[in-house]
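The values are calculated or read from the model by the stated rules, or taken from the named source; none is laboratory data. Keep in mind that what you see is a predicted model, and the values were worked out from it rather than measured. No Cβ is skipped: glycine too gets one built from the backbone with ideal geometry, and neighbour counts run over all protein chains shown.
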Amino acid sequence: MSGFLTPYARAMFREADFTGLGQFLSRKISAISLCSDCAVSGSMKRKPTSKKMSNTRSTHPLVGTWTQEKNSVFFTPVVYTVSFKDGRFVISGVDESDGVALEISNVRWDGECLRFVSLFAPTNHKAKHALRLIGKDKISHKVVHSSEEGPCTDDERWERRPQRRKRSER
């Protein structure tokens, strides 16, 4: 079984309660199958484009603030906000535990997956991301990053954070 898990997941399971293992693996496998054509690297059906997208609007389902679904193994304090400005997707990321903003680059949209690269400057941690809508207010978030044991790929489920109502709406 250890060959099936990424080094990151193996480290988490050594410290985690194994009662949630089946549920966790089921979610991981579902995310992998739902995003199998949404790999961060490799061939794609369509070439990514940085051109302005006239048929994409600010009401696109990926627009919003995204947080990782709660789980018993690992939860990141990083949130990503996707917006749409001047015909392009704009992504920002922040670690809410300390308020440090991530540097975001190489934002690409291929019509199905929104890809980008993040850099957490304090630790020089760099990761490639692919976001794909899998349901109302749900996305598959594929993350490729390096660890002490080599490259790791994590397939996570994220959910849209409900918008805070303005004071005038209360």
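Given the criteria free of Cβ contacts under 8 Å to residues at least 24 places away in the same chain and among the charged types (D, E, K, R), does Glu96 qualify?
Spelling it out, Glu96 is indeed free of Cβ contacts under 8 Å to residues at least 24 places away in the same chain and among the charged types (D, E, K, R).
Does Gly93 satisfy the criteria of being touching an Asp or Glu at 6+ places or on another chain (Cβ under 9 Å) and at pLDDT 95 or above?
For Gly93, the condition - touching an Asp or Glu at 6+ places or on another chain (Cβ under 9 Å) and at pLDDT 95 or above - is met.
Counting only residues that are part of a strand (DSSP E or B) and exposed (fewer than 15 other Cβ atoms within 10 Å of the Cβ), which one in segment 127-149 is farthest from the chain's Cα centre (by Cα)?
Applying the filter and picking the extreme gives Ser147.
Filter segment 106-127 for residues that are small (Gly, Ala, Ser) and within 15 Å of Val143 (Cβ to Cβ) and give the result.
Across segment 106-127, the qualifying residues are Ser118, Ala127.
Evaluate the following for Asp98: is it among the acidic types (Asp, Glu), over 17 Å from Ser140 (Cα atoms) and modelled with pLDDT of 50 or more?
yes
Looking only at residues in segment 106-126 that are among the charged types (D, E, K, R) and touching a Leu at 6+ places or on another chain (Cβ under 9 Å), which one is surrounded by the fewest Cβ atoms within 10 Å (Cβ to Cβ)? So that I can check it myself, show each step before the final result.
Here is the first cut: in segment 106-126, the residues among the charged types (D, E, K, R) are 108, 110, 112, 115, 126.
Still in the list and also touching a Leu at 6+ places or on another chain (Cβ under 9 Å): 108, 112, 115, 126.
Details: Arg108: 16, Glu112: 14, Arg115: 23, Lys126: 16.
Top of the filtered list is Glu112.
Hey, among the residues in segment 62-81 that are farther than 19 Å from Asp154 by Cβ and without any contact (Cβ under 8 Å) to a residue 60 or more places away in the chain, which one's nearest to the chain's Cα centre (by Cα)?
Checking each candidate, the answer is Thr81.
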